[in-house]
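Take a look at the structure set out below.
The values are calculated or read from the model by the stated rules, or taken from the named source; none is laboratory data. Bear in mind the structure is a predicted one, so any value in this text is a computation, not a measurement. For neighbour counting, all protein chains shown are included, and Cβ atoms are generated from backbone atoms with ideal geometry for every residue, glycine included.
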Amino acid sequence: MSPGPILTETSPPTRAKVAHVAAIDGTLRYLLLNQLRWLAGAGYEVCAISSPGPEVPAIEAAGIRHIAVPMTRRALTPWADLRALWRLWKTFRRERFTIVHTHTPKAGLLGRLAARLAGVPVIVHTSHGFIFHERSHPLWRRLFVAMERLGAACCDLVLSVNREDIGTAVQAGICAEGKIMLLGDGGIGLDLASFDPDRVSPDERRKKRLELGLPEGAPIVGFVGRLVREKGVPELLAAARMVTERLPEARFLIVGSPDTDKPDAVGPSLAHEYGVSHACVFAGKRQDMPEMYSLMDVLVLPSHREGFPRAPMEALAMGVPCIATDVRGCREVVEHGRNGLLVPPGDVQALAAAIIELLTNGHRAGEMGAEGRHVALKRFDERLVFQRVEQEYTRLLREKARQCKEQASRVAYPGKRLLDLAVAVPALVLLSPLMALIALVVRLLMGSPVLFRQQRPGLHGAPFTLFKFRTMTNARDEQGRLLSDAERLTGFGRFLRASSLDELPELINVVKGEMSLVGPRPLLMEYLDRYTTQQMRRHEVRPGITGWAQVNGRNALTWEDKLALDVWYVDHQTLALDLRILCLTVWKLLKREGITHPGYATAPKFMGQASGAESERGGEPR
């Protein structure tokens, strides 16, 4: 395998090789192509990666090299996802990219995992909006939050297209506040020179109306987007029926095609079901969007969720007022009463009333359209976004160059980090259904939180947050002190400990680089002051999920023996030893040996050599 790119602090950042990864080629062409061309013009060697598709020729015609890696867009397709992960990893290793920049949820997760596994120096992700939203089912929300946490753990920076997602990411524990930042005040930006109302003449508008069969003088309500239920297409057609009862001459210009990859895809036949097919024109996918917007009196986007919706941005730039649902993303583009109206999601009556209001009040609609153009000129210029991306690339490349020596010193033997990722990443993917089931049972039996989080000392004693499934309740005595481990440990918790299933979330720590598969177990922060100089050497390597002490007695050992085995491992670690420990771990788990210390629910506290005292309270949870 070829080594990753070598970074130096004096190397010009613009000589870096950059890959932008998205699930489908349409994202690359319609949302990112101008950004890729900008980066190429700035001196970067730019490559685009996505599933193969009809937009690839246009991408390559723009001078951007494309690599096809098939990816699905559905949430859970484990085998297809593993194949895509493997192909992405091979591509990243072969191409030796300096920067991998991912987009969209599925490609964002797989791309970041593969890039981390391949040793790509700089990994950036643009979050175009989280899959989950305020009305998501709690279980689905937890699953998607976990996926976002894993993705964030594998990258250096998350660029969010809207402000609300930043707060959500920090509050949900997806990533720390300093790791996510706003991409720009206008999402991914817009080519304002193309979306300019002065570019479309009255004669062109008349010809376009004639081409589409739109009656002269009829008010036009526009919709632009994928034809899926999530975009609110059924609500739009239901509102169209109410609008045409009041304004029979109104027409609905619907631009977009059914997204056949989505289970909630809909087609023009749905208009027949709502009895409004006579008032609807389904224009399909178009390349003449400025001309299409010029025909509209109002744009409607009744979407259930958005990141930073592009259609309202384009409409506002063309001076068209917008009606959108009051959801995250939409309300950052449409300012209620200023450049459009916001309505509650799913409220058909409110949607119809807002459409009628702007179609019958031309003066107010005109003011909103003019203000929309003003807002677009001020906020939506894509060149500001391009500059921000380039600035962050430069910053991250310089930071990584300074860290190269430190990172190299953390590799215990050649290939150890690769072994960690080669096992941990596929394990997380394959075990995700089991982990979701365990999380559900923990939630039902013990409540929230599902995960046990605790600061533990890592490499050189630096603190990190350890993740495990909870096995104990938070029961306390009358003085507010936690009860003993034996009193708080539940039956299901004992099963999780006996099977070591409670430690599955530590695979996330391995992927993040805070832990290794094999190494001394991470103990408590308070123990740091109690070690002898020799015992402190256990922190010269990353802590592990399993270790030499775990396969030689585990919690049945005395503290002195356990720490001596840890130090022995530090001095003798090799690939062969790690593989032996992993195999022995499986055997020990099957035999269920050494789960507890004699006389304790888990293990006694380590009190140091100065005192042999042991406490039953707050025992070290392995």
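Taking interchain pairs and intrachain pairs at least six residues apart, which have beta carbon atoms under 6 angstrom, with the first residue in segment 550-563 and assigned by TED's automatic domain parsing to the domain that holds LEU582 and the second of a type in the set (D, E, K, R)?
VAL551/LYS588
Only one of SER611, SER516 is surrounded by 21 or more Cβ atoms within 10 Å (Cβ to Cβ) and either at pLDDT below 90 or among the hydroxyl-bearing types (Ser, Thr, Tyr) (or both). Can you tell me which? Even if it seems obvious, please write down each step before you answer.
Details: SER611 fails: surrounded by 21 or more Cβ atoms within 10 Å (Cβ to Cβ).
Of the residues listed, the single one that is surrounded by 21 or more Cβ atoms within 10 Å (Cβ to Cβ) and either at pLDDT below 90 or among the hydroxyl-bearing types (Ser, Thr, Tyr) (or both) is SER516.
Being among the basic types (Lys, Arg), over 19 Å from CYS322 (Cβ atoms) and in contact with a Leu (Cβ under 9 Å, 6 or more places away or on another chain) narrows it down to one residue among ARG251, ARG209, ARG241; which is it? I'd like the intermediate steps shown before the answer.
Numbers: ARG251 fails: over 19 Å from CYS322 (Cβ atoms); ARG241 fails: in contact with a Leu (Cβ under 9 Å, 6 or more places away or on another chain).
Exactly one residue qualifies, and that residue is ARG209.
May I ask you to list the residues in segment 390-413 that are modelled with pLDDT under 60 and not basic (Lys, Arg)? Walk me through how you get there before you give the answer.
Quick first cut of segment 390-413, residues modelled with pLDDT under 60 only: 404-411.
Matches in segment 390-413: CYS404, GLU406, GLN407, ALA408, SER409, VAL411.
For segment 186-204, indicate whether the set of residues that are among the β-branched types (Val, Ile, Thr), buried (at least 22 other Cβ atoms within 10 Å of the Cβ) and farther than 19 Å from ALA311 by Cβ is non-empty. Walk me through it before giving the result.
Kept after step one, since they are among the β-branched types (Val, Ile, Thr), are these residues of segment 186-204: 188, 200.
Remaining after also requiring buried (at least 22 other Cβ atoms within 10 Å of the Cβ): 188.
Subsequent filtering for residues that are farther than 19 Å from ALA311 by Cβ retains none.
So far as segment 186-204 goes, no, none of its residues is among the β-branched types (Val, Ile, Thr), buried (at least 22 other Cβ atoms within 10 Å of the Cβ) and farther than 19 Å from ALA311 by Cβ.
Go over the candidates THR102, THR98, THR91 one by one and state the one that is in contact with a helix residue (DSSP H, G or I) (Cβ under 6 Å, 6 or more places away or on another chain), among the polar types (S, T, N, Q), in contact (Cβ under 8 Å) with a residue 12 or more places away in the chain and crowded, with 19+ Cβ neighbours inside 10 Å. First the steps, then the outcome.
On the way: THR98 fails: in contact with a helix residue (DSSP H, G or I) (Cβ under 6 Å, 6 or more places away or on another chain); THR91 fails: in contact with a helix residue (DSSP H, G or I) (Cβ under 6 Å, 6 or more places away or on another chain).
From the options THR102, THR98, THR91, the qualifying one is THR102.
Considering segment 332-363 alone, what residues qualify as being over 14 Å from SER303 (Cα atoms), in contact (Cβ under 8 Å) with a residue 40 or more places away in the chain and in a loop (DSSP other than H, G, I, E, B)?
GLU335
Filter segment 447-479 for residues that are part of a loop (DSSP other than H, G, I, E, B) and either closer than 21 Å to GLU526 by Cα or under 30 Å from the mean Cα position of the chain (by Cα) (or both) and give the result. Reasoning before the result, please.
Residues of segment 447-479 that are part of a loop (DSSP other than H, G, I, E, B), as a first pass: 447-450, 458, 462, 470-471, 473-475, 477-479.
Within segment 447-479, GLY447, SER448, PRO449, VAL450, GLY458, ALA462, ARG470, THR471, ASN474 meet the criteria.
Taking the options LEU528, LEU523, LEU444, LEU517, name whichever one is in a strand (DSSP E or B) and either of a type in the set (Gly, Ala, Ser) or more than 24 Å from the chain's Cα centre (by Cα) (or both).
Numbers: LEU528 fails: in a strand (DSSP E or B); LEU523 fails: in a strand (DSSP E or B); LEU444 fails: in a strand (DSSP E or B).
Selected residue: LEU517, the only one of LEU528, LEU523, LEU444, LEU517 that is in a strand (DSSP E or B) and either of a type in the set (Gly, Ala, Ser) or more than 24 Å from the chain's Cα centre (by Cα) (or both).
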